[in-house]
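Below you'll find the structure, written out as structure tokens, and then a few comments.
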Amino acid sequence: MADVDGRETQVLYKFKSKAGADVIMLAAHGDQALQALGRGPAPQGIFQASDLPALIAHGEAAIAEEQQAQDRAAEQAQAEGRKPPPKPEVSLRQRLWPLLELMRAAQGADTDVVWGV
């Protein structure tokens with residue numbers, strides 16, 4: 001997407017809920033977060049209050065899976081006498097934490113989380 005000067009602009013996700021502060025992510029990070037929660041990237045959407053427990057569990061499982069994959073790669077590299085692969089600059093745990101906290105607050109307040117509306 002280009003702005004009026006012809007420069008590229010970043011698309012943002014803004015996750016909102018009555019239960020807490022907005023969580024803003026760049027498009028690529030928002031897409032990754034939605035995929036980790038078992039959803040496809042979408043310019044707008046809703047996490048209904050009734051779905052939040054399952055979505056939170058899905059996100060936590062994705063975080064654990066990423067950590068296990070990193071641990072396995074490091075163990076394999078060590079067993080083969082290689083240097084372990086670099087860890088990502090920002091882990092999925094770090095990326096998802098603010099959104100998961102908003103989702104937990106929304107769950108406690110029995111309200112939805114929306115974006116793009």
Residue-span extension gain [Arg82 to Ala61] - 0.36 nm each, minus C-alpha spacing: 4.7 nm
Fewest-first ranking of Ile56, Ile24, using other Cβ atoms within 10 Å as the exposure measure: Ile24, Ile56
Cα extents of the range 12-115 along the three principal axes, largest first (Å): 52, 25, 21
Karplus 3J(HN,Hα) series, Hz, for the range 46-54 with 6.51 cos²θ - 1.76 cosθ + 1.60 (x for Gly, Pro): 8, 9, 6, 3, 5, 8, 4, x, 5
Positive dipole terminus of the range 13-86, leading residue within Ile56, Ala73, Pro43 (C-beta point charges): Pro43
Normalised convex hull volume, the range 72-117, alpha-carbon set, Å³ per residue: 96
Label point distance in nm, Ala28-Ser91, each placed 7 Å from Cα along Cα→Cβ: 2.1
With Cα atoms, 0 to 90° folded angle of helix 92-109 axis to the chain main axis: 40
In the range 27-117, the GluC sites (Glu not before Pro) that fall in loop regions by DSSP, at most 10 other Cβ within 10 Å: Glu80, Glu89
Dipole magnitude of the chain about its Cα centre (Cβ charges: Lys, Arg +1; Asp, Glu -1), debye to nearest 20: 120
With Cα atoms, 0 to 90° folded angle of helix 27-36 axis to the chain main axis: 70
Over the chain: helical MRE at 222 nm, DSSP H runs n ≥ 4 each giving -39500 (n - 2.57), nearest 500: -16500 deg cm²/dmol
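Each value in this text was obtained by applying a stated rule to the coordinates, not by laboratory testing. On a predicted model such as this, the values are computed, not experimentally measured, just so you know. Because the Cβ atoms are built from the backbone with ideal geometry, glycine has one as well, and the counts that use them run over all protein chains shown.
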